[in-house]
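One structure is given here, and the rest of the page talks about it.
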Amino acid sequence: MIAFILRRLLASIAVLIAVGLIAFAMFRFVGDPVDQMVGIETPEAERAQIREQLGLNRPVLIQAAIFLVHAARLDFGVSYQFKQPVIDLIRARMPATLELSFVASVLSLLVGVPMGVYTALRRNSALAKLFQALSLIGISLPTFLIGILLIYVFAVLLRWLPSFGRGDVVRLGPWWSTGLLTVSGLKSLVMPSITLALFQVTLIMRLVRAEMLEVLRTDYIKFARARGLSERAVHFHHALKNTLVPVITVVGLQLGSIVAFSIITETVFAWPGMGQLFLQSIQNADIPIMAAYLLFISVLFVLINLVVDLLYVAVDPRLRGALHGGHG
Amino acid sequence: MEAMAEMGETAAPAATRRSLRSRLADSDMLVSFLSSPVTVLAGVITLLMFAAAVLSPWIAPTDPFNPATNFLADSLDPPRFTADGDPRFLLGTDDQGRDIWSAILYGLRVSLLIGGGGVALAGAIGITLGLIAGYAGGWTDAVIMRVADVQLTFPTILIALLLDGVAQALLKGSSHHETAFGVLILAIGLSFWVQYARTVRASTLVEKNRDYVQAARLIGLSPLRIVVRHILPNVMGPVLVIATINLALAIITEATLSFLGVGLPPTQPSLGTLIRIGQNFLFSGEWWIVAFPSLTLAILVLAVNLLGDWLRDALNPKLK
Amino acid sequence: MSEALLSVRDLRVEFATRRGKLVALDGVSFDIAPGEILGMVGESGAGKSLTGLSIINQLDPPGSVVAGEIRLNGARIDNLPPARMREIRGRRIGIIFQDPLTSLNPLLRIGDQLVETILAHSPLSPKQARERAIAWLAEVGIPAPDKRIDGYPHEFSGGMRQRVVIALALCAEPALVIADEPTTALDVSVQAQIIAVLKNITRRHGAAVLLITHDMGVIAETADRVAVMYAGRIVEIGAVADVVRRPLHPYARGLMAAIPTLETRAERLAQIPGAMPRLNAIPRGCAFSPRCDRVFARCLVERPPLLTIGHRKVACWLHLEAAEEGR
C-alpha cells in the first residue's frame, strides 16, 4: 500500500517537473522577457544589465533549475501587464474561482446523480425521455451560450439576478473572501454556478445512467433478483453501490475541468477569478501569468488524480486485496 | 471520452472484418438511419448547413467583411420581420452596419472550416502516432502513450487556449488576423489527437498479430507499406465515429476561443466572435445580434452530435 | 405417485427478433417430485437454461413465455404479478447460476449477501440471521466460517465461491433448487466436490433439484431421473438407470455412447454426425430427423409427441408400437 502511494507520488512529481519545464520554456523562449519589462527607448546597455541581473546569460539548464526552485517557492516573477508579483495577483483571485467551482461541483452532483439513477431505473417514462433530451442539449450547447441565455432570461427580461460580478463579499482571514454570506453574493453565484454545472450535470447523468444500466445487466444482479430480494434492495443496495464506484473517479477528474471551464464562465459573467486573469494574460502575451496559471492548474490536476486514485482503492475491495498481495 | 476510447478498442476487431463500404451497403444501417426521424432531420440539417457554408459567397446578399459595403447608416437595424425592420436585412444589422444574415453565412463557413480542419489535423496526427505506437511497440509506444495520458488529464479547452496563447505570443510580429485561422486549426488539432491515437493503437495491436500481417512481413514488405496498405483501412471504422463526435467538440472549442477573444477577430468573424460582439448589446435591446448566431451554432452542434450518436450506435456491433 | 412438486406443461418460449419469431422452447412438459433430482441434459442451445429461467420468470427480453402452465404444489406460478413472484423466488424456488465469480457482488461481503437474503425471507433479527449465515457456510464446507463470513468474493477460490452460491440459493429453505450448469465454470478437480455438496445439502433439507448440465457423467452419478433435451424439446425422460443403460431415442443413444467409461476401448469418442439445428432452421417433423440413422418417412412430416412406455417417455416414432402396446 505504501509502495503504491509512493509510486503515485513520484509519478505526480515527475509530471509536475515536466510541466514546470514547459512553463519555463514558455517563459524564457516565447518573446523576450527583457523587452516585455522595459520601454522601447531603454538603451541597450541598460538592457544588457537587466539581462545579467535576471540571469538570462547563464546556461539554460541552470536557468531551468532556478525557475523550478522559484516556482516551488511560489515565486513566479512579475506580471508584464500589471507590474505586480504574479503570486499576489493569483492569490487575490483564487477564492472567487475556487468558491464558484466548488458550488458548481456540488450542484452538479446533487442534480446529476439522482437524474442518472432515475433515467436508468425508469427508462421508458416520459420524464426520463425528457431528461435524455435535455442532456443532449446540455452537451451540445457551449458553456458560454448557456450563460448568455441565462443572463438574457434572468437579468434582462426578469431582472431577478445580477449579470456580472460577485456581489458583496465577506473577508475571512487573510486568504479568503466569500460571497456565500451575503444576499447579493448568493444572488451573483446563482447563474455562474448553474452555467458551470450544466455541462457537468449532463455528463454525470449520462455516466450514471450508462453505468447503472450496465450494472443491472450483470449476473450478480440477476442472482440477487433470483433470490427474491426486493426491487429496492436490488437497485439501491446492490446496483447503486456498484454504479457509483467508477462514477467517483470520473467525477473527481471532472472537478479539475470545472476549474478550467470557469475561464469561460468568468468571462461571460465578469467574475473576478483566476480564469479571467489567465485569459487577459493570453490576450496580452503576459507570459509570467500564463506560466504560473499552467503550473497551478497542473498541481491541482495532479493532486486531484492522486486523491481519486487513493479513493478508488479505498472503495473497491478488490484493489485493496491486489495491493496487499492477495489472499487465497 | 475514456468510455469512447474503450469502446473503440473492443469494437475495432469486429468492425474490421468487413470494410466500411460493405457495411454501409448492408440495409441494416440504412434502415436504422431512416427509421429514426430525429436522425434524418439531423442529417438534413447538417447537410443544409454544410451547403450554406460552402455556397456562402454566392448566396449571401452582402459581403459583411468589405467595409466599403457596410451600411453604417443602417447599423443596429432590427430584423426584417419585426416592426421597425428594414426589408434589406433579413436578420438585422450589427453596430458596424453588417448584415447579420450574411455574417452568419460567412461565420458558418469559417466555423466549419476550422472545425473540420482541426479534426482532420487531429486525425492525421492521432492516426499516425497511433499506428507508430501500435506497430513499433517498445519505447516508442511507451513514450507516445505517456504523453497521451498526461495530455488527457487536462481538458482540451485548456490545451487549446494555451496553444493559442503561445502561438499568438510567438507570432506577435505578424498581424493577428492573418494567422488566426491557421493558429486555431493547429491548436484544435494538437488538442484532440489523443483519442484517435489511442483507438488506432488498440486496433493496430490487434491487427499486428493477424496472419496477413505476419505473411506480409515474411514476404519482406516494408513496415510502412504494411501499415498503410493493410492495417490502416481496418482501423478507419472507429476513427470515423470519433471524428464525427469530435467535429461537434471542435466547433464548440473554436466558438469558445473566438468568444473569449482569442480566436477569430471581428474582421473575419466566426459564429463565436459574432456572439461575443452581440453580448454587448443584450441589455440595450438589440437582441438579434446575439440571438441568431447563437441559434445557428446551437442547431449546428446539436445536429452533428445527433449524427455522431447514430453513427456510433450503428457501427457498434455490441449494441445489436 | 405423490403429487408433483413442480409441474410444467406445454411450455413455449419465443424470441421476438427483427427477422421474425424464433421458437426456443416448443411444448416442454415434465414433473419433478418432492426431493427428487431431475437431470436436464442436452447440447448448448438446446433450451435447458431457458427452461430453468422460465420457471422463475427471469427470462431476458426479447424472450418470453407465450404458452404453457407451470405449477408449484398445484398452484400456477407462471401468471403471477411481480410482487408475488418475488416471494416465490428464493423462498420456494432457489437457483444457482453457472459462474460463481460473476454471481456474487464483488463489492459486498459474502456475509452481507447471505444475511440480506435470509432477512428478506424470514422474520429473524440481524444477529440471528448472521448466526444462521455462519451455520450455512459451515454446512457447505467453508472452513472457519465465522471468520470468512466477512470476506469478499475475490478472496475465495472458485470452488469455495460456488459453495457460497449454493448456500445463498438454499438459505431461505426452498423446496426446489434449479442448478444451471453449476460446475461448468469450475476446475475439473473441484467439480465432483461441488456436486457432492449440492447432493448432500439438498438431501438433508429435502429440496428437489433440477440439475441442468451438458455433462452426462454428472447426471449419471447424481440424478434420479433425467430429461434429454434437443432443439427446444424434450425427446426422452425417465429414470437415470434406464435411460443410461437402454436409451430409446436415437439422440439419447448417441449421447450415452459418447460418454467415455473405463471400459471403452474405442480410440475416438463416438460422435453424432451433424449439428443441432439453429432456431430459425428447425426441420419439419422430428427435429432430429436430419441426423438420425433410423429415420423414415413419418419422421420427416409429423413431429412425434412424448409417447409413454411404462415409466418413461420418448418422442420418437420408432417406439409408437411399444407405446401403444402399453409395454
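The values are calculated or read from the model by the stated rules, or taken from the named source; none is laboratory data. Here the structure is a predicted model, which means the values were calculated and not measured. FYI the Cβ positions are ideal-geometry reconstructions off the backbone, even for glycines, and counts take in every protein chain you see.
Of all residues in the stretch B:144-166, those that are small (G, A, S) and either surrounded by 23 or more Cβ atoms within 10 Å (Cβ to Cβ) or touching a strand residue (DSSP E or B) at 6+ places or on another chain (Cβ under 6 Å) (or both) total 2. The residues of the stretch A:277-294 that are more than 9 Å from chain B (Cβ to nearest Cβ) and surrounded by fewer than 21 Cβ atoms within 10 Å (Cβ to Cβ), listed by number, are A:Q280, A:N284. Being within 23 Å of A:Y220 (Cβ to Cβ), modelled with pLDDT of 90 or more and basic (K, R) is not true of C:R204. Applying the set (1) surrounded by fewer than 13 Cβ atoms within 10 Å (Cβ to Cβ); (2) in a helix (DSSP H, G or I) to A:N124 leaves exactly one unmet item: (2). Of the helices (runs of 4 or more DSSP H) lying entirely inside the stretch B:95-202, those containing at least 3 residues that are under 23 Å from the mean Cα position of the chain (by Cα), modelled with pLDDT under 80 and within 11 Å of chain A (Cβ to nearest Cβ) span B:156-170. One residue stands out in the stretch C:51-77 among those that are within 14 Å of chain A (Cβ to nearest Cβ) and of a type in the set (A, V, I, L, M): the one that is farthest from A:K222 (Cα to Cα), namely C:L72. Close contacts from the stretch C:78-89, counting a first residue that is away from chain A (no Cβ under 11 Å) and a second that is surrounded by 18 or more Cβ atoms within 10 Å (Cβ to Cβ) and part of a helix (DSSP H, G or I), with Cβ to Cβ under 9 Å and a gap of 6+ residues or different chains, come to C:D78/C:S54; C:D78/C:I55; C:L80/C:I88.
Hey, any hits in the stretch A:64-78 for a residue that's more than 30 Å from A:Q276 (Cβ to Cβ) and within 36 Å of the chain's Cα centre (by Cα)?
Going residue by residue through the stretch A:64-78, those that are more than 30 Å from A:Q276 (Cβ to Cβ) are A:65.
Checking the rest, the ones that are also within 36 Å of the chain's Cα centre (by Cα) come to A:65.
Within the stretch A:64-78, one or more residues are more than 30 Å from A:Q276 (Cβ to Cβ) and within 36 Å of the chain's Cα centre (by Cα).
Filter the stretch A:40-91 down to residues that are in contact with a Ser or Thr (Cβ under 8 Å, 6 or more places away or on another chain) and not in a helix (DSSP H, G or I), then give me how many there are. Final tally of qualifying residues: 3. Selection of the stretch C:123-179 for residues being of a type in the set (D, E) and out of contact with any Lys or Arg (no Cβ under 9 Å at 6 or more places or on another chain) yields C:E131, C:D146. Where residues in the stretch C:110-121 are touching a residue at least 12 places away in the same chain (Cβ under 8 Å) and touching a Pro at 6+ places or on another chain (Cβ under 8 Å), which of them is surrounded by the fewest Cβ atoms within 10 Å (Cβ to Cβ)? Among them, the one singled out is C:V115. Any residue at all in the stretch C:135-144 that is modelled with pLDDT of 90 or more and closer than 28 Å to C:D78 by Cβ? For the stretch C:135-144, residues modelled with pLDDT of 90 or more and closer than 28 Å to C:D78 by Cβ: absent. Would you check if A:L141 is modelled with pLDDT under 90, crowded, with 17+ Cβ neighbours inside 10 Å and either under 30 Å from C:L108 (Cα atoms) or basic (K, R) (or both)? No. All conditions in (1) closer than 24 Å to A:L255 by Cα; (2) crowded, with 17+ Cβ neighbours inside 10 Å; (3) not aromatic (F, W, Y) hold for B:D141, with the sole exception of (1).
Each residue in the stretch C:161-197 was checked for being without any contact (Cβ under 8 Å) to a residue 40 or more places away in the chain and within 14 Å of the chain's Cα centre (by Cα), and 2 of them qualify.
Residues in the stretch C:12-27 that are in contact with a Gly (Cβ under 7 Å, 6 or more places away or on another chain) and hydrophobic (A, V, I, L, M, F, W, C) were compared, and the one that is nearest to C:L306 (Cα to Cα) is C:L25.
If only residues of the stretch A:142-158 that are among the aliphatic types (A, V, I, L, M) and without any contact (Cβ under 8 Å) to a residue 40 or more places away in the chain are counted, the one that is farthest from the other protein chains (Cβ to nearest Cβ) is A:L158.
Within the stretch C:135-144, the residues that satisfy the criterion of being in contact (Cβ under 8 Å) with a residue 12 or more places away in the chain and surrounded by fewer than 20 Cβ atoms within 10 Å (Cβ to Cβ) are C:E139, C:G141. A search for C-beta distances below 7 Å between a residue of the stretch B:282-301 that is in a loop (DSSP other than H, G, I, E, B) and any residue that is surrounded by fewer than 20 Cβ atoms within 10 Å (Cβ to Cβ), counting only pairs 6+ apart in sequence or on different chains, returns B:L282/A:Y152; B:L282/A:V156; B:F283/A:V156; B:E286/B:L76. Among the residues making up the stretch C:40-57, those that are among the aliphatic types (A, V, I, L, M), closer than 20 Å to C:R71 by Cβ and out of contact with any Ser or Thr (no Cβ under 9 Å at 6 or more places or on another chain) are C:L50, C:L53, C:I55, C:I56. Answer yes or no: is there a residue in the stretch A:298-314 that is outside any helix (DSSP H, G or I), within 25 Å of A:S79 (Cα to Cα), more than 7 Å from every other protein chain (Cβ to nearest Cβ) and modelled with pLDDT of 80 or more. Within the stretch A:298-314 (the criterion being outside any helix (DSSP H, G or I), within 25 Å of A:S79 (Cα to Cα), more than 7 Å from every other protein chain (Cβ to nearest Cβ) and modelled with pLDDT of 80 or more), the answer is no, since none of the residues qualifies.
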